[in-house]
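Asks: Mind having a look at this structure? Questions to follow.
The values are calculated or read from the model by the stated rules, or taken from the named source; none is laboratory data. In this text, all values refer to a predicted model and were calculated from it rather than measured experimentally. Glycine gets a Cβ as well: all are built from the backbone with ideal geometry, and neighbour counts include every protein chain shown. We work out accessible area using only protein heavy atoms, side chains counted, and drop any ligands, DNA or RNA first. Shrake-Rupley method; radii C 1.70, N 1.55, O 1.52, S 1.80 Å.
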Amino acid sequence: MRFVTRRAVVSTIAAGMLATGAWPTVATAQESRPIRIGVPTAIQLQVGRDTQTAVQMAIDEINAQGGLLGRKLEMVVADETENPEQGIAAIKKLTADEKADVLVGGYTSGVTLAQLPHITRAKTIYIGVGAASPAITAQVRRNYDANKYIFRAFPINAAHQARGLVDFISGKLKGEMGLKKIAIVGENAKWVQDLVPILKKGATDAGTDVVLAEFFDTSTSDFSPLLSKVKDAGAEYLVIILSHASSDIFVKQWYDSQAPFPIGGIDVKGQDQDFFNRVSGKALTETAANFAVRAEITPKTIPFWDEFVKRAGSAPVYTGVGAYDAVHIYADAVRRANSTDPEKVIPELEKTSYIGVAGKIEFDENHDVKAGPGFINILFAQWRDGGERVIVWPKALATGEMIPPPWLKK
């Protein structure tokens, strides 16, 4: 009689399962699990809520078409707040605990810069859609092998935004309206520190007299001394640059003081659809830079906009626009690579040429989104009665003329 050991039986069964493909290998388990889109964002703010809504929109669209490489997509979120330590914890949670395949998010430049070493150490692709400092993507050029995982799909960086503001100042304020004296005030944050020197030089080179350029603390609650300085300097227009500071308070105090100058520039919280009502209509005639509005910027703009409003009940801020496109850009790169392996996906991301919600998206040698003719640029939209917004610049996209505050109409 022939005796067969248990080890021999197990070996025979294992061999048979491997031969028939029935063995539950690690690779099979990996390939069957959902592709995880990690979202580090400031979830307590509108920028964070809109990021999540837009990511889920893109995921739903891709899943409805059969997913990606035969796998479904799912979103996992971590609150990075506006604090670097919390931001680092969010990255660690998403990469180590949640095993995210890609990260889409960000808001505060200081937080994102603190997160970079942890993102690159985890070798996880990060597509930024909120922070604007050029220093973020500059890391790619300094050490490509270590930092090749970092991309920015939105918004255009602070230097490009400064050039867009210069175009607004030289083309609209000086060229069409004849204003020659401007003041620049901005919050004391990294992205603004990057932007203001470029803006000041560009405005001066364009023949505008910059009578005042000053930073203020993001915790400022009384802007009356600053508004008085702008008035005493003889400014005909005040360019504001703020995101983390309270633009609600700033705009209310400007309106209530009936300051003798219009205001406009980059006011991130002033992009919110509910901003006009939130400040009791006192944003009237403020001109805020936007990256997209409900207009036919591309064939995707209005369909995205209407679906977003249907889901969220309000129009998206810029992070929502960027997050939606970022997920689709990543998905396209994964399809071309036929893999979620970052080493295979990164070269495909570098080849991206994608028509998004706000324009064509391509990456430069720093993995930064390109700006300029044919790419994404900033639009300037003025608040009107009832919370309507009218594009006043660039001229080719204008839907109305810029008007002065009611107390300056005379």
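Asks: Mind giving me the FRET efficiency for Glu388 and Lys310? R0 is 25 Å, r the Cβ-Cβ distance, nearest 0.05 is fine.
Replies: Working: r = 20 Å, r/R0 = 0.80.
Between Glu388 and Lys310 the formula returns 0.80.
Asks: Given the peptides 373-379, 121-127, arrange them by the average over their residues of other C-beta atoms within 10 Å, most packed first.
Replies: On the way: 373-379: 17.9, 121-127: 21.0.
Output ranking for 373-379, 121-127: 121-127, 373-379.
Asks: Roughly how compact is the stretch 222-367, stated as its Cα Rg over 2.2 N^0.38 Å to two decimals?
Replies: 1.36
Asks: So how long is each side of the stretch 134-220 along the principal axes, counting just the alpha-carbon atoms, biggest first, in Å?
Replies: 49, 30, 19
Asks: So, one more: Quantify, in whole percent, the carbon and sulfur part of the accessible surface of the chain (1.4 Å probe; protein heavy atoms only).
Replies: On the way: 9030 of 17540 Å².
Taking all protein chains in place, the chain shows 51 percent carbon and sulfur surface.
Asks: Let me ask something else. Per 10 Å bin, what is the whole-percent P(r) computed from every C-alpha pair distance within the stretch 340-396?
Replies: Calculated over all Cα pairs of the stretch 340-396, the distribution is 20, 35, 24, 14, 7, 0 percent.
Asks: When every alpha-carbon pair in the chain is counted, what percent end up more than 32 Å apart?
Replies: Values: 32148 of 83845 pairs.
I get 38 percent for the Cα pairs in the chain exceeding 32 Å.
Asks: Can you tell me the relative contact order of the stretch 112-170? Whole percent, Cα pairs under 8 Å, sequence separation 6 or more. Each step should come with its number before you reach the end.
Replies: On the way: 59 pairs, mean separation 22.2, N = 59.
In percent, rounded to a whole number, it is 38.
Asks: Taking 25 °C and 0.890 mPa s as the conditions, I'd like the Stokes-Einstein D for the stretch 247-323 in µm²/s, using the Kirkwood hydrodynamic radius from alpha carbon pairs. Don't skip to the answer; put the middle values down first.
Replies: On the way: Rh = 13.6 Å.
In µm²/s, the coefficient is 181.
Asks: Here's a follow-up. Semi-axes, largest first, in whole Å: what does sqrt of 5 times each Cα gyration tensor eigenvalue give for the stretch 284-352?
Replies: 30, 13, 10
Asks: Expressed as a fraction of 2.2 N^0.38 Å, the rule-of-thumb size for a compact globular protein of N residues, what is the C-alpha radius of gyration of the stretch 124-184?
Replies: Normalised Rg, Cα atoms only: 1.56.
Asks: Along Cα→Cβ, 7 Å out, is where each label goes; now give me the distance between the ones at Ala146 and Asp217 in nm to one decimal.
Replies: Here the answer is 3.4 nm between the modelled labels.
Asks: Order 396-402, 230-236, 179-185 from most to least packed using the mean count of other Cβ atoms within 10 Å. Please report the intermediate quantities before stating the final value.
Replies: Working: 396-402: 13.3, 230-236: 17.9, 179-185: 21.6.
Ranking, from highest mean packing down: 179-185, 230-236, 396-402.
Asks: Then there is this: Per residue, how big is the convex hull around the C-alpha atoms of the stretch 297-410? Give it to me in cubic angstrom, could you? Let's see the in-between values first.
Replies: Details: hull volume 15.7 nm³, N = 114.
Value for the stretch 297-410: 138 Å³ per residue.
Asks: Then there is this: By per-residue mean of other Cβ atoms within 10 Å, what is the highest-first order of 317-323, 351-357, 36-42, 239-245? Kindly include the intermediate steps, with their values, before the conclusion.
Replies: On the way: 317-323: 30.4, 351-357: 17.6, 36-42: 26.9, 239-245: 24.1.
Top to bottom by mean Cβ count within 10 Å: 317-323, 36-42, 239-245, 351-357.
Asks: Would you mind computing, in nm to one decimal, how far apart the modelled labels at Lys360 and Lys180 are, each placed 7 Å from Cα along Cα→Cβ?
Replies: The modelled label-to-label distance comes out at 4.0 nm.
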